[in-house]
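Engineer: One structure coming up, written as structure tokens, with questions to follow.
The values are calculated or read from the model by the stated rules, or taken from the named source; none is laboratory data. Note that this is a predicted model, so its numbers are computed, not measured. These accessible areas exclude ligands, DNA and RNA; they are computed on the full protein's heavy atoms, side chains included. Shrake-Rupley method; radii C 1.70, N 1.55, O 1.52, S 1.80 Å.
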Amino acid sequence: MCRLSCDLSMAVFADLDLRAGSDLKALRGLVENAAHLGYSVVAINHIVEFKEKKQEIEKPIAVSELFTTLPIVQGKSRPIKILTRLTIIVSDPSHCNVLRATSSRVRLYDIVAVFPKTEKLFHAIDRGVGFELVYSPAIKDSTMRRYTISNALNLMQVCKGKNVILCSAAERPLEIRGPYDVANLGLLFGLSESDAKAAVSTHCRAVLLHGETRKTAFGIISTVKKARPSEGEDDSFPACKKVKCED
């Protein structure tokens, strides 16, 4: 694997996609491993796929349900910061209406993301947002690795490597990689050295600042999946408390 020549030693790292599940013990293990690997900020991701217009959105998992004392970040001597994220899978533009400020449950989440299922929707909501690439499929088997790299290279043609964040989408601790390894994966995905570094640090911070200051933007936009083939900075990341669709 290629190695980054740029210095990451002073960066603040984030993984904004740890998958929420019913097993709180497993979720605690995810957060603990992320802290051990040097991540200062993580987001617990709850995913909803809309199949009806008035679909119920669950409340986010409270940090107090997971820990009485937060894990300490390796090399930082500070506790990890845990955010909550809601990812909404949409197949129709009307589904975005749930993101309006009228939804009290949506406002409980720090980050709101959209996963558009069609290319038309993807281009309709890609104004001023970040793009997410998840890497855990690439470490599971060779077929998924080829598929993930191909999908990433296609995304690079759309966004030119700008505003891309790299996340694990991990369901188990072994699916998380350290930020240095993730940045190097970014090179395989077609990112430049500087963008690969930023994808696990400053671009993540920018996603949170974007939602915090503009109040009209999504926290993250996830990429559209194609059919599977056959074969020392300040680490006080802000919380995005009010987010909704852009008009």
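Engineer: Could you work out how much longer the chain between residue 150 and residue 92 gets when fully extended? Use 0.36 nm per residue separation minus the Cα distance between them, nm to one decimal.
Structural biologist: Separation in residues times 0.36 nm, less the Cα-Cα distance, equals 18.3 nm.
Engineer: Let me ask something else. Fully extended, how many nm does the chain gain between residue 70 and residue 28 (0.36 nm per residue separation, minus their Cα-Cα distance)?
Structural biologist: On the way: separation 42, 0.36 × 42 = 15.12 nm, distance 0.99 nm.
Once the chain is fully extended between residue 70 and residue 28, it gains 14.1 nm.
Engineer: Tell me, what is the per residue accessible area of the range 145-215 in Å², probe radius 1.4 Å?
Structural biologist: 43
Engineer: Which pairs break 20 Å Cα to Cα here: 81/140; 162/197; 81/162; 160/197?
Structural biologist: 81/140; 81/162
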